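The values are calculated or read from the model by the stated rules, or taken from the named source; none is laboratory data. Model, not experiment: these values are computed from the prediction. Glycine also receives a Cβ, built like all others from the backbone with ideal geometry; neighbour counts cover every protein chain displayed. Just so you know, the surface numbers come from the protein's heavy atoms only, side chains and all, with ligands and any DNA or RNA stripped out. Shrake-Rupley method; radii C 1.70, N 1.55, O 1.52, S 1.80 Å.
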Amino acid sequence: PYVVKITTGYKIVDGKARQIQKTLGYFATKKEASIFLAEFHQGKAVAQIGRPAMSWQQVYEAWYKEKESLVKKPGAKTFAKYETSYKKTARLATYRFVDVRAEDLQAIMDAGKTLTRSPQASLLQLMKSMYTWAINHDVCTTNYADRVILQYTDEAVREHKPFTDDE
């Protein structure tokens with residue numbers, strides 16, 4: 001007998017504003033409906049509510065398995081890059097994926113400012129790919145990796161000297 005609805009907008013009917021509502025679910029008790037609504041307002045995806053939240057590590061492992069199962073899967077070097085990049089995010093391993101925010105990801109990126117562009121770009125690519133997977137599997141609703149700024153040092157160009165002056 002309980003329904004959870006949210007207002008998605010308003011329309012004018014006979015000079016009065018009327019709500020446009022979207023139904024999110026139906027529940028047997030008021031308590032169930034309240035819990036559902038509270039989790040929805042915390043940013044949890046509707047399909048994810050009521051299911052245990054996945055950790056950063058669990059999302060990575062599920063994403064990695066999906067990459068391995070592809071018919072046209074990436075090569076061994078690419079998987080090695082994934083693993084190397086993931087190690088840089090180790091401090092997020094136990095965080096619930098839905099609790100990770102852009103500032104957490106940016107802190108990891110900032111910690112590697114001394115790295116060159118290639119490893120930093122690989123790390124950012126991993127983060128974005130994990131968020132894409134998570135959104136597609138209703139783990140979260142927002143891609144915080146899109147808000148991360150790539151941080152790296154300019155690669156020093158070494159001048160090639162095939163011979164010394166004496167040679």
Considering region 60-90, residues that are more than 22 Å from Asn136 (Cα to Cα) and not in a helix (DSSP H, G or I), and then whichever is most open to solvent (accessible area, probe 1.4 Å), we arrive at Lys88
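Taking Thr114, is it assigned to a loop (DSSP other than H, G, I, E, B) and without any contact (Cβ under 8 Å) to a residue 40 or more places away in the chain? Working first, answer last.
Details: assigned to a loop (DSSP other than H, G, I, E, B): yes; without any contact (Cβ under 8 Å) to a residue 40 or more places away in the chain: yes.
The answer is yes for Thr114.
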_Any residue that is within 26 Å of Glu39 (Cβ to Cβ), among the small types (Gly, Ala, Ser) and touching a helix residue (DSSP H, G or I) at 6+ places or on another chain (Cβ under 8 Å) - is there at least one of those in region 141-158?_
yes
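Given the condition out of contact with any Pro (no Cβ under 6 Å at 6 or more places or on another chain), at positive phi and free of Cβ contacts under 8 Å to residues at least 60 places away in the same chain, answer yes or no: does some residue in region 29-40 qualify? Lay out the reasoning, then the answer.
Narrowing region 29-40 to residues out of contact with any Pro (no Cβ under 6 Å at 6 or more places or on another chain): 29-40.
If we keep only those that are at positive phi too, we end up with none.
Taking every residue of region 29-40 in turn, none turns out to be out of contact with any Pro (no Cβ under 6 Å at 6 or more places or on another chain), at positive phi and free of Cβ contacts under 8 Å to residues at least 60 places away in the same chain.
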message = Suppose the filter is assigned to a loop (DSSP other than H, G, I, E, B) and either surrounded by 14 or more Cβ atoms within 10 Å (Cβ to Cβ) or at negative phi (or both); does Leu126 pass it?
response = no
With the first residue restricted to region 84-95 and required to be without any contact (Cβ under 8 Å) to a residue 60 or more places away in the chain, and the second required to be open to solvent by 20 Å² or more (accessible area, probe 1.4 Å) and of a type in the set (D, E, K, R), Cβ contacts under 7 Å at 6 or more apart or on different chains are Leu92/Asp104
Condition check for Ser85: in contact with a Leu (Cβ under 6 Å, 6 or more places away or on another chain) and under 30 Å from Thr153 (Cβ atoms): yes
Scanning region 91-119 residue by residue, those open to solvent by less than 50 Å² (accessible area, probe 1.4 Å) and modelled with pLDDT of 90 or more turn out to be Leu92, Ala93, Phe97, Val100, Ala102, Asp104, Leu105, Gln106, Ala107, Ile108, Met109
With the first residue restricted to region 9-22 and required to be at pLDDT 90 or above, and the second required to be outside any strand (DSSP E or B), Cβ contacts under 6 Å at 6 or more apart or on different chains are none
Of the residues in region 1-38, those that are surrounded by 13 or more Cβ atoms within 10 Å (Cβ to Cβ), among the small types (Gly, Ala, Ser) and not in a helix (DSSP H, G or I) number 1
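Regarding region 145-161, can at least one residue be identified that is loosely packed, with under 14 Cβ neighbours inside 10 Å, out of contact with any strand residue (DSSP E or B) (no Cβ under 8 Å at 6 or more places or on another chain), in a helix (DSSP H, G or I) and of a type outside the set (Val, Ile, Thr)? Write out each step before concluding.
In the first step, residues of region 145-161 are kept if they are loosely packed, with under 14 Cβ neighbours inside 10 Å; the result is 146-147, 149-150, 153-161.
From what is left, the residues that are out of contact with any strand residue (DSSP E or B) (no Cβ under 8 Å at 6 or more places or on another chain) are 146-147, 149-150, 153-161.
Right, trim to in a helix (DSSP H, G or I) and you get 146-147.
From what's left, of a type outside the set (Val, Ile, Thr): 146-147.
Yes - at least one qualifying residue is present in region 145-161.
Which of the following residues is among the hydroxyl-bearing types (Ser, Thr, Tyr) and part of a loop (DSSP other than H, G, I, E, B): Thr164, Thr132? Walk me through it before giving the result.
Working: Thr132 fails: part of a loop (DSSP other than H, G, I, E, B).
Being among the hydroxyl-bearing types (Ser, Thr, Tyr) and part of a loop (DSSP other than H, G, I, E, B) holds for just one of Thr164, Thr132, which is Thr164.
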